[in-house]
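Values quoted throughout were computed directly from the atomic coordinates according to the rules given, and no laboratory measurement underlies them. What you are looking at is a predicted structure, and each value in this text was computed from that prediction instead of being measured. Every residue, glycine as well, gets a Cβ built from its backbone with ideal geometry; the counts of neighbours run over all protein chains shown.
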Amino acid sequence: MIWGSSYILIKKGLVGLTPLQAGSARILMTTVILSVFGWKQLKKIPFPAWKWIFFTGFFGTFFPSYLFAFAETVIDSSVAAVLNGMTPLFTLILGIVVFGSQWKWGKALGVLIGFGGTLILVSNEFSINTGGDSWYALLVIVATFCYSINVNVIKYKLQGISALGIALGNFLAIVIPATLVLLLSDFPWSSLGTSNEVTTSLGYIFILAFFGTAIAKVMFNELVSISSPVFSISITYLLPIVAIAWGVLDGESFSFIQWVGCAFILMGVYLVTEKKRSKK
């Protein structure tokens, strides 16, 4: 529910801010929020793990924050969420090819069925909303590939480190580059408090930073640590349902065929979920 609501918040944040400004503000706000609660966890992070903390900071947060913001200047928020459903497919492939995770036909089938549902939703959304600007969808696909790298590295390289420590470490790694991007983006400092659009957009970005980034990142990192990467990232199959609901409320197009796609997505989630048999 939280992460599925992030896409409409990005859309609202772009009303008064550019993609670079919205992405940077999101990162800076989240860094402050996590710093209030997570300083003690930093001491528990082993020094060799910091290289992976920095790595996941850029691939799990820095690049996707800007990629999604640029994409949503053209495509609907629901389309962005739907395309994010490609993440589990990339996660499964990378886990097998790079990290040597175990191949399971049932899990692979679940990912493919969910991906098929995503394609149904994508094709419908593109035919209605994006037209000739559908290439902006490539930005979201690049972001999903970054997410798949991030979740595999967290699972296989940062096992045993607290979820809050990883999250705060990620943002400390990217806060300086994000600050530089903000300073170079011609942020309307003089409009703060005077422009309703800028002030309102920053309000939406703060909600996004607090719930959709700070809290969601910690929850997601914890989920990765106690489950498999593919199952963890399969939450992206549920995001379109929430995001489409927000899109409908915001006047975005919606059709019956999207319910068909959502049904495939939920079926994929069921198959991807690992079932544990009880022992006699």
Next on the checklist: With +1 assigned to the C-beta of every Lys and Arg and -1 to the C-beta of every Asp and Glu, and no other charges, what is the dipole magnitude of region 3-272 about the Cα centre in debye, to the nearest 20?
Outcome noted: 1120 debye
Item to check | Pair Ser127, Val36: separation of 7 Å Cα→Cβ label points (nm) | outcome: 4.7 nm
Checklist entry - Taking the simple approach of a point 7 Å from Cα along Cα-to-Cβ for both Phe256 and Ser195, what is their distance in nm? => result 4.5 nm
Checklist entry - Using 0.36 nm per residue, how much length does the chain from Val142 to Val97 gain when fully extended, once their Cα-Cα distance is taken away? => result 14.4 nm
Checklist entry - So what is the relative contact order for the chain, in percent, with contacts set as C-alpha pairs under 8 Å and at least six apart? => result 40 percent
Checklist entry - How long are the three semi-axes of the equivalent ellipsoid of the chain, in whole Å, if each is the root of 5 times an eigenvalue of the C-alpha gyration tensor, listed from largest down? => result 29, 26, 15
Checklist entry - Roughly how many nanometres apart are two label points built 7 Å out from the Cα toward the Cβ at Leu112 and Val248? => result 3.1 nm
Checklist entry - Using helices alone, what [θ] at 222 nm do you get for the chain, with -39,500 (n - 2.57) per DSSP H run of 4 or more residues, divided over all residues and rounded to the nearest 500? => result -21000 deg cm²/dmol
